[in-house]
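The values are calculated or read from the model by the stated rules, or taken from the named source; none is laboratory data. Bear in mind the structure is a predicted one, so any value in this text is a computation, not a measurement. Reconstructed Cβ throughout: ideal geometry from the backbone, glycine too, with neighbour counts over all protein chains shown.
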Amino acid sequence: MTVQEIVSKYLEDNGYDGLFSVEGDGCACRRDALMPCKCEWEPLTDCEAGYLRPCPKECREHDFHIGPSRETA
């Protein structure tokens, strides 16, 4: 199993929608499209499991957000 497969299985088994960066840089990926950057940065070093949630009204950059809870920040 690859790291990507292990992480995907953990997220699915535990009800998470994807990963998000705790550094607050807006980086997030859905469980069905993990790690799209293909390791151009240090993958997973600051990522946590999270849930899809609505984008804040002021967000014009992303199609989705993932965070520690389903509510917007």
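Within region 3-34, the set of residues being surrounded by fewer than 12 Cβ atoms within 10 Å (Cβ to Cβ) and not polar (S, T, N, Q) comprises Glu5, Ile6, Asp13, Gly15, Glu23, Gly24, Asp25, Gly26, Asp32, Ala33. Would you check which residues across region 56-67 are closer than 12 Å to Ala28 by Cα and without any contact (Cβ under 8 Å) to a residue 24 or more places away in the chain and list them? Of everything in region 56-67, just one residue is closer than 12 Å to Ala28 by Cα and without any contact (Cβ under 8 Å) to a residue 24 or more places away in the chain, namely Asp63. Can you find, within region 1-34, the residue that is nearest to Asp63 (Cα to Cα) among those that are in contact with a strand residue (DSSP E or B) (Cβ under 7 Å, 6 or more places away or on another chain) and either among the charged types (D, E, K, R) or assigned to a helix (DSSP H, G or I) (or both)? Result: Arg30.
In region 20-73, which residues are on the phi > 0 side of the Ramachandran plot and either modelled with pLDDT of 80 or more or under 12 Å from the mean Cα position of the chain (by Cα) (or both)?
Selection gives Gly24, Gly26, Met35, Leu44.
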